[in-house]
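Here's the structure we're looking at; comments come further down.
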Amino acid sequence: MAASIDKWVYRFGNGSADGCAKDKAFLGGKGANLAEMAKLGLPVPPGFTVRAEASELKGKLTDAMRKEIEEAIAHVEKGMGRKFGATSKEASALLLSVRSGAAISMPGMMDTVLNLGLNDALVDQIISDAEGDEGTARWVLDNYRRLLQMFGDVVRNVDMALFEAELSRVKEVAGVHSDVELKSEHLREVVEAYKGIYGRETGSPFPQDPWEQLYEAVAAVFASWNNSRAVRYRQINEITGLLGTAVNVMAMVYGNRDDDSGTGVLFTRNPSTGEDMLFGEYLFNAQGEDVVSGSRSPRPIAELEARSPELYAELLATVKRLEKHFLDVQDCEFTIESGRLFMLQTRNGKRTGPAAVRIATDMVREGLVTKEDAVARLVTPQHLDQALHARLKDPAASEASLIASGTAASPGAASGRAAFTAGEAEAMTEKGMAVLLVREETSPEDIGGMHAAKGVLTARGGMTSHAAVVARSWGKPCVAGAGSLRVDASAGTAVVHGTSTVLRRGDWITIDGSTGKVYLGQQPMAAPEAGSGELGEFLSWVHAIRRMKVKANADTPEDAARAVAFGAQGVGLVRTEHMFFAPDRITPMRRMILASDDAQRRAALDDLEPLQAADFEGIFRAVNGAGPVTVRLLDPPLHEFLPQTREQQATLARSMGISAEEIRGTVESMREANPMTGHRGCRLGITRPAITKMQARAIFSAAKRAAADGVPVEADVMVPLVGIRSELDNQARLIDGEALAVFGPAAADAAAASSGAAAGGDSEPATDKDIHAAAKAAAKAHGVVYRVGTMIEVPRACLAAGSLAETAEFFSVGSNDLTQLCFGYSRDDAGPFIGEYIAKGILPSDPFVHVDEDGVAALIEMACKRGKAVRPDIPVGVCGEHGGDPFSVHVFDRLGLDSVSCSPFRVPVASLAAAQATLLAAKRG
Ligand code: PEP
Ligand code: MG
């Protein structure tokens, strides 16, 4: 790529620039915005940017590049009226800074060298020209020692600590605390010591030729693109596809020139709260890195206002102009040299979630941006997540207590005392303690404890594990698959593998489900902003913009109501199995599974039906016409409902009047080697039709009751794990039969009669289609709309989607199972190797988190196309966990899907991603 470039160097300064803000890809964020600021006529020290593609050359600059650089230096010299490499009194010396800057900011990851061009002769010359002025002598020696240190570190890898130790020693001998108190004689001593360190560590003296310094520094900064810190940062933040870092060479201006000088960083609005006021820090008499490096304590920017009101006013006007120009909060670096302001950098400011929402709504109100623009650019899905959940107050400060990490499975942070069983969690909560449930992995039996706990931490499993799915549905933080934890529930401990840390029952821990981190102790928290007026206003814009519908996965009336309040257009998935784990249901459920004859089974189902119907009715009422309620028939293998411990087995045996051995025998006989591909989904409903019938009756009787009270009801009945049309037909027949029974047996006769009439008066048996139509008509007469549809979650369903659409009135993609079955990765066991796959670059990301575009999304696209070819208006949605993942939402929007469904707390996030996808599609045209 580099070979085809004929212009490497882009100049800026003196009111003009070769590049502009749009050139970020090759000039980097810093270079592009310096060019833009220069074009705006803002006070930017002149300089130039070398294109990022040069990173590819690993610092080996070509002759052509050197020539362009030399010409550009002449331009800088002219702009500053100073000369690079000058040592005479006539021309004052030009010093240069060399800074990195990639297209995406990677704060502090790459390198910077300041004060290039200084050498022994120039330092002596400047001191002698100053004729005994201590300020000048101090200043030039301070610059020189910084150059020696930064050049040594960045270009020659000299250990920074050696320099720091020397500086501390001189300060101690001089009896001063801060650098600024050092006199020129002390700094001279520091310089001499630094030269000694440099010579000893590198085996050669510090280069005295300014050009050699410059070229070596430029090469080293290019090379810093690939230092281990930067590589790791890009991995963690999933930054890919960049050309490298550009290198910015700029005339030095001196914040350490005198007491009328200084340097600072600021945000044009408060990045924590969003408040519209300058927020920043300033160091009087200091240079560049002092503020960011934390070597001295900066002062609030307001002190600059008190000391130099005019300068402050100029600064304020300049940065507000930048905010207006970039239409976003700006994060700026500036230097004041002897009372003169220079802008060194500007970029869009990073902010917290609550601040992002406030800034977006304020900027719309101020007329700076449109609502669409605010939705497209000013708030990210991560910001919304943050605004809706508690978070760590200061993640950097908590880092010292970090003990493990896993998948960021359900956002928000929580602290609590460790409980290692569900029972413990409930008992401790009852005593008024805040609890975090720590498990190897959770099972449906743990839900009581999970519900009691403030959050859930597991050692195994990933984004679609039981713990993750359930925690998300309740909006509780969850870190799943923290693989270094060795949990021993019976001992009440978790050992952090490879360390001496042991977590005991009752110990305080904190989890951050937004980052997947686990900390020891009770870390300070910041509260969520949920319910603030600004958030509601922002979300109303989001909902108005998005094309795709957003529904919620909800299993209770409370969850459904919460989801609707967040803007959900109905419930896209009711996982009915979750209803069976409540204490009043698990026993009849178990009796149903263990029944030895039909009568027993029917009796157990009769007990369950009114309970299910009550749940469904509650959900219909909570949704209240906001959209359809999609109820999935029973999906998990039945053995998941059976008691696993001897104690539970004995209790059940007593209540059923059978022996514990008999129960143990059944549990044993139902054990499956691969339960996820075993006797589950519609396979259950086909082999145990009584379950499907009971559930269908419960749905329809609930719908009828709610509709009778005037509640608008759309009931979508969904068959899970279908791969063959005849599976769906089998279940649809049962469902329609129950609809007819509930909404009026007369309708069944009418259906038979009309189909007979259509066939010429003979008593032809009614077809499935006739019965379905008659049942729907009967339901409609009661104010109920119902549809029968299927999940698309086995690859065969995608291939056979055309034939499934003959029967199905809607498709809902179960992307969790589809990912599992497409890859052949077990949802429950893939965690450990997926982590390694990502680390080795074999997978770009966890396919259970971000939908796999090449494989799984291609299958979904096929299902959608084939289904719509047969039934053009068939709604196609996604109800797997990907439905709440912003990356996947964009993919689904591109595929033209109609809706996504996700846990209630992710509805705002998925909605924002959907709205951003709509705006992006409109922009692409
Ligand atoms: C799915 O497979 O994506 C799905 C929604 O069903 P579950 O996660 O309950 O298997
Ligand atoms: Mg599934």
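The values are calculated or read from the model by the stated rules, or taken from the named source; none is laboratory data. Bear in mind that the values here come from a model prediction, so they are computed numbers and not experimental data. For neighbour counting, all protein chains shown are included, and Cβ atoms are generated from backbone atoms with ideal geometry for every residue, glycine included. Heavy atoms of the whole protein, side chains included, go into the accessibility calculation; ligands, DNA and RNA do not. Shrake-Rupley method; radii C 1.70, N 1.55, O 1.52, S 1.80 Å.
Data table
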| item | result |
| --- | --- |
| Sequence-distant lysines (8 or more away, or on other chains) whose Cα lies within less than 27 Å of K324 | K22, K24, K30, K39, K350, K371, K923 |
| Surface per residue (accessible, 1.4 Å probe) for segment 855-923, Å² | 30 |
| On Cα atoms only, tilt of 160-174 relative to the major axis of the chain in degrees | 50 |
| Taking all pairs of distinct alpha-carbon atoms in segment 70-176, Kirkwood radius in angstrom | 15.8 |
| Residue-normalised accessible area of segment 262-351, expressed per residue, 1.4 Å probe, Å² | 42 |
| Mean projection area, nm², convex hull over Cα of segment 308-442 | 13.2 |
| Check: the chain dipole with +1 on Lys, Arg Cβ and -1 on Asp, Glu Cβ, in debye | 1360 |
| Among T361, C798, A390 - extreme Cα towards positive end, dipole of the chain, charges at beta-carbon | C798 |
| DSSP-defined antiparallel bridges as percent of all bridges, the chain, nearest 5 | 65 |
| Cα-Cα P(r), segment 495-594, percent of pairs per 5 Å interval | 2, 9, 11, 11, 11, 13, 14, 13, 10, 5, 1 |
| Positive-end extreme of charge dipole, segment 99-252 - chosen from G196, V154, I236 (charges on Cβ) | I236 |
| Alpha-carbon Rg with Dmax, taken over segment 153-281, Å | 19.3, 53 |
| Accessible-area composition of segment 390-526, carbon plus sulfur, in percent [1.4 Å probe] | 51 |
| Cα pair distances of segment 777-892 binned at 10 Å [whole percent] | 14, 40, 28, 13, 4, 1 |
| Helix axis angle, 907-924 relative to the chain longest principal axis, alpha carbon, degrees | 70 |
| Cα-based Rg of segment 479-520 normalised by 2.2 N^0.38 Å, two decimals | 1.13 |
| Taking N as its residue count, the alpha carbon Rg of segment 2-146 over 2.2 N^0.38 Å | 1.15 |
| Alpha-carbon Rg/Rh ratio, for segment 262-351, with Rh computed the Kirkwood way | 0.93 |
| Whole-percent carbon and sulfur share, accessible surface of segment 758-860, 1.4 Å | 56 |
| Shape metrics for segment 390-526, restricted to C-alpha atoms - Rg then Dmax, Å | 12.8, 37 |
| Rounded accessible area per residue of segment 9-251, 1.4 Å, Å² | 41 |
| Computed over segment 431-475, the ratio Rg/Rh where both radii use C-alpha atoms and Rh is Kirkwood | 0.94 |
| Highest average packing first - 558-567, 809-818, 673-682, Cβ atoms within 10 Å | 809-818, 558-567, 673-682 |
| Cα-only radius of gyration and Dmax that characterise the chain, units Å | 33.7, 121 |
| Gyration tensor verdict on segment 814-871 (Cα atoms; rounded if a/c is under 1.5, prolate if a/b is larger than b/c, oblate otherwise) | prolate |
| Length added when fully stretched, T62-N14, from 0.36 nm per residue minus Cα-Cα | 14.5 nm |
| Highest-first arrangement of 117-123, 49-55, 401-407, where packing means the average Cβ count within 10 Å | 49-55, 401-407, 117-123 |
| Order by protection proxy (mean Cβ within 10 Å, highest first), peptides 832-844, 411-423, 191-203 | 411-423, 191-203, 832-844 |
| Three-way shape label, segment 650-740, alpha-carbon gyration tensor, a/c 1.5 | oblate |
| Hydrodynamic radius of segment 9-251 per Kirkwood, over alpha carbon pairs, in Å | 18.8 |
| With Cα atoms, 0 to 90° folded angle of helix 856-870 axis to the chain main axis | 50 |
| Point-to-point label distance, E192-Q648, nm (Cα→Cβ direction, 7 Å offset) | 7.9 |
| Per-residue [θ]222 nm for the chain (sum of -39500 (n - 2.57) over DSSP H runs n ≥ 4, rounded to 500) | -14500 deg cm²/dmol |
| Stokes-Einstein D (µm²/s) once Rh is taken as the Kirkwood radius of segment 416-496 over alpha-carbon pairs, at 25 °C in 0.890 mPa s | 204 |
